[in-house]
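One structure, as structure tokens, below. Some questions next.
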Amino acid sequence: MLNEKTNIALNKQIALEGNASAAYLAMAAWCERQGLKGCALFFYEQSAEERMHMMKIIHYINEMDGHAVIPEQEKPRADFDSIQELFQAVLLKEKEVTAAIYDLLSISKESDDHSTTLFLQWYVAEQREEEAQIRTILDVIKLIGSGGQSLYFIDQEVDKINKEKAKEESAEELEAENY
Ligand code: FEO
């Protein structure tokens, strides 16, 4: 059974993950409008991942006999000045999510809630990976520079990340099948 404080904090996390999913969907649509197919695919996938993060928390709360609340969704930002500004906004969002996960961990540890502490470990690793990935993309943008032709190469680099991620995911699926 979850204590009330942890249940409330987990519900806040549901809202954060859901808002991240909507924000990335809006970013995907913006990228698609700019003809940045690689970046659009990256954010469509990212949006689906954030939804999965949200769903995992909903199922966890219910499994622990708590009460999962589905929140109202914030209207996501639909326009950006540049691809660099967009990815900087993503990094800020991910840092906010990481900070919230750390706060949740402090709450679960305070109340000796070992189950929630264990559950959150997956999110700690996920956040580390996500932040690192966005920093890598920001480094690439810095190296290539901004401007018309640069956008083409930035998009190609992001698409390489899409392909690496797809390869990793199918390897993980194969490993799970053979386990
Ligand atoms: Fe689930 Fe990227 O935060």
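The values are calculated or read from the model by the stated rules, or taken from the named source; none is laboratory data. Predicted model only: the values in this text are computed from it and were never measured. Glycine also receives a Cβ, built like all others from the backbone with ideal geometry; neighbour counts cover every protein chain displayed.
Please pick out the residue among Lys167, Lys109, Lys163, Lys93 that is free of Cβ contacts under 8 Å to residues at least 24 places away in the same chain and within 19 Å of Ala40 (Cβ to Cβ).
Step by step, each of Lys167, Lys109, Lys163, Lys93 is checked, and only Lys163 is free of Cβ contacts under 8 Å to residues at least 24 places away in the same chain and within 19 Å of Ala40 (Cβ to Cβ).
Let me ask something else about it. Only one of (1) closer than 17 Å to Leu36 by Cβ; (2) assigned to a helix (DSSP H, G or I) fails for Ser146. Which number is that?
(2)
Scan the stretch 110-135 for residues that are within 19 Å of the chain's Cα centre (by Cα), over 25 Å from Gln88 (Cα atoms) and among the charged types (D, E, K, R) and jot them down.
If the condition is that a residue be within 19 Å of the chain's Cα centre (by Cα), over 25 Å from Gln88 (Cα atoms) and among the charged types (D, E, K, R), then no residue fits.
Here are some residues: Ala48, Ala40, Ala15, Ala68. Which one is small (Gly, Ala, Ser) and touching a Lys or Arg at 6+ places or on another chain (Cβ under 9 Å)?
Just one listed residue meets the conditions, Ala40.
Out of Glu126, Glu131, report the one residue that is in contact with an Asp or Glu (Cβ under 6 Å, 6 or more places away or on another chain) and under 16 Å from Leu16 (Cβ atoms).
Values: Glu126 fails: in contact with an Asp or Glu (Cβ under 6 Å, 6 or more places away or on another chain).
After ruling out the rest, the residue left standing is Glu131.
Does Met55 meet the test of being surrounded by fewer than 18 Cβ atoms within 10 Å (Cβ to Cβ) and modelled with pLDDT of 95 or more?
In short, yes.
Something else: Of the residues in the stretch 118-172, how many are within 16 Å of the ligand (Cβ to nearest atom), over 30 Å from Ile61 (Cα atoms) and hydroxyl-bearing (Ser, Thr, Tyr)?
Here the count works out to 1.
Return the only residue of Glu50, Glu110, Glu72 being among the acidic types (Asp, Glu) and surrounded by 17 or more Cβ atoms within 10 Å (Cβ to Cβ).
Answer to the check: Glu50.
Same structure, new question: If we scan the stretch 96-105, do we find a residue that is exposed (fewer than 14 other Cβ atoms within 10 Å of the Cβ) and either closer than 30 Å to Gln156 by Cβ or in contact (Cβ under 8 Å) with a residue 60 or more places away in the chain (or both)?
Yes, the conditions are met somewhere in the stretch 96-105.
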